[in-house]
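Since the structure comes first, as structure tokens, the remarks are kept for the end.
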Amino acid sequence: GWAKDDRDHDFTGESAEKAVAVLRHIQQAASSLESTSSLVKVWTIVVEGWCKRSGHNKYALQRAEELLNEMEDGNQTLVAPNVLTYTSFIVGLSSSSDRDLATKAEEVLRRMERNNIQVDMVAYTAVINCWARAVSRHERSIASVRVLRILGHMERLYISKQQYSAKPSQ
């Protein structure tokens, strides 16, 4: 609930930090026998909660990325981010008015591939949305080229490698 709490636009991030505290408590209580899918879900909810604050808390995306990095490191989290975790972060990037986030969103796609996460149509579409909302003049000038390259990549994955999850939607 605290991760999703957006009352008064949570300018301070106080409720999101409470969600992080609950996450840490759950993490400490988790045993190696506990379902990692449940832990990934909790981490993803908290990352997404920070991302939803990106429009009114200037540190929200930074905090979300810190949590994502912590998951990727895996030393304390016991879990790794999944496609939903990464996609939530990309959606957070697209809802921010900060500069050069489309480039950063594409970097997240590369992180996913490095971590052997199968990128799906939703993640690719989120990156395309970042390009559509590009703020900086430089990003706007290359947006159409980048989007066409992403679409071409998706088509190749679908046609050549029969990766159905990457099939572009209509």
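The values are calculated or read from the model by the stated rules, or taken from the named source; none is laboratory data. Bear in mind that the values here come from a model prediction, so they are computed numbers and not experimental data. Positions of Cβ are generated from backbone atoms using ideal geometry, with glycine treated the same way; all protein chains shown enter the neighbour counts. Surface areas here come from the heavy atoms of the whole protein model, side chains and all, with no ligands, DNA or RNA. Shrake-Rupley method; radii C 1.70, N 1.55, O 1.52, S 1.80 Å.
Of all trypsin sites (Lys or Arg not before Pro) in segment 80-166, which ones are in loop regions per DSSP and have a Cβ with at most 11 other Cβ atoms within 10 Å? Could the numbers behind the result be given before it?
Details: sites: R99, K104, R110, R111, R114, R133, R137, R140, R146, R149, R156, K161; in loops: R99, R133, K161.
Answer in residue order: K161.
Taking all protein chains together and rolling a 1.4 Å probe, E72 ends up with roughly 60 Å² accessible. Accessible surface for T36 stands near 80 Å², nearest 10, in the context of the full protein assembly shown (1.4 Å probe).
Rounded to the nearest 500 deg cm²/dmol, what is the calculated helix-only ellipticity per residue at 222 nm for the chain, with -39500 (n - 2.57) per DSSP H run of length n ≥ 4?
Working: 7 runs with 109 residues, N = 170.
Calculated mean residue ellipticity at 222 nm is -21000 deg cm²/dmol.
Solvent exposure of I128, expressed as accessible area, is near 40 Å², computed with a probe of 1.4 Å over the protein chains only. Each of K167 and E113 was given a label point 7 Å from its Cα along the Cα-to-Cβ line. The distance between the two points is 2.2 nm. Between I142 and A21, the modelled label-to-label distance comes to 4.3 nm, taking each label 7 Å out from Cα in the direction of the beta carbon. Calculated accessible area for segment 38-170 comes out at 54 Å² per residue, all protein chains present (probe 1.4 Å; ligands, DNA, RNA ignored). For segment 1-137, the fraction of 1.4 Å probe accessible surface lying on carbon and sulfur atoms is 51 percent.
How long is the gain from E155 to A132 if the chain were fully straight, where each residue apart is worth 0.36 nm and the alpha carbon distance is subtracted?
Details: separation 23, 0.36 × 23 = 8.28 nm, distance 1.93 nm.
The span from E155 to A132 would gain 6.3 nm if fully extended.
For the chain, which DSSP H helices look membrane-span-like by this rule: Cα extent along the axis of 27 Å or more and mean Kyte-Doolittle of at least -0.5? Could you put the intermediate results ahead of the total?
Details: long enough: 137-160 (35 Å, -0.12).
Length and hydropathy pass: 137-160.
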